[in-house]
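Bear in mind these aren't lab numbers, they're just calculated from the coordinates by the rules spelled out. These numbers were taken from a predicted model, which means no experiment stands behind them. Cβ sites come from the backbone with ideal geometry, for glycine too, and all protein chains shown count toward neighbours.
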Amino acid sequence: MESMESQKENKFESMLYQTEIERIEKYTLYLLRQPDLKELLSSQEIGYARRYQELIESHNHDSFLHQLPRSQHKQDEISVDMNMVVEPNLDAPVFCRVLSDIGHVEINNDSVLFEPNDIYILRYSDVRDYLKEKKVKLI
């Protein structure tokens with residue numbers, strides 16, 4: 001990352017990589033629990049997420065968890081009234097590029113024509129299924 005930032009033409013690419021790393025770090029536990037993890041992340045991203053989570057757990061244990069009762073060591077607890085796993089906002093805006101001719105799509109009671117190479121900023125939830133079908137990609 002540092003070598004990319006020093007080269008003027010790679011600053012934008014470096015910024016995109018850094019944003020992706022930050023997203024993985026923020027949602028590591030959530031991502032690692034997904035049954036379709038291999039479809040969501042590359043093998044390198046999965047390896048990074050696992051190593052990052054191990055480092056965070058080790059750091060937390062060494063810093064303060066070892067002083068608490070063992071019953072309070074869990075860092076990924078989910079219960080009815082509490083969720084320690086940070087989940088992404090599925091209504092957050094994302095930029096996406098249409099990869100194939102999808103046709104008209106209903107978004108907020110409006111019909112939008114999705115044609116190849118069109119670029120939109122939409123809520124993630126509006127394009128989630130098309131992402132899984134590889135009809136659009138995030139940019």
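Observations on the model:
- Using alpha-carbon coordinates, inclination of helix 11-26 to the longest axis of the chain, degrees: 50 degrees
- Surface/4 of the Cα convex hull for the range 89-139, nm²: 3.1 nm²
- The chain - Rg over Rh from alpha carbon coordinates, Kirkwood radius: 1.06
- About the centre of its Cα atoms, the chain shows a dipole size close to 280 debye [charges on the beta carbon of Lys, Arg (+1) and Asp, Glu (-1) only; nearest 20 debye].
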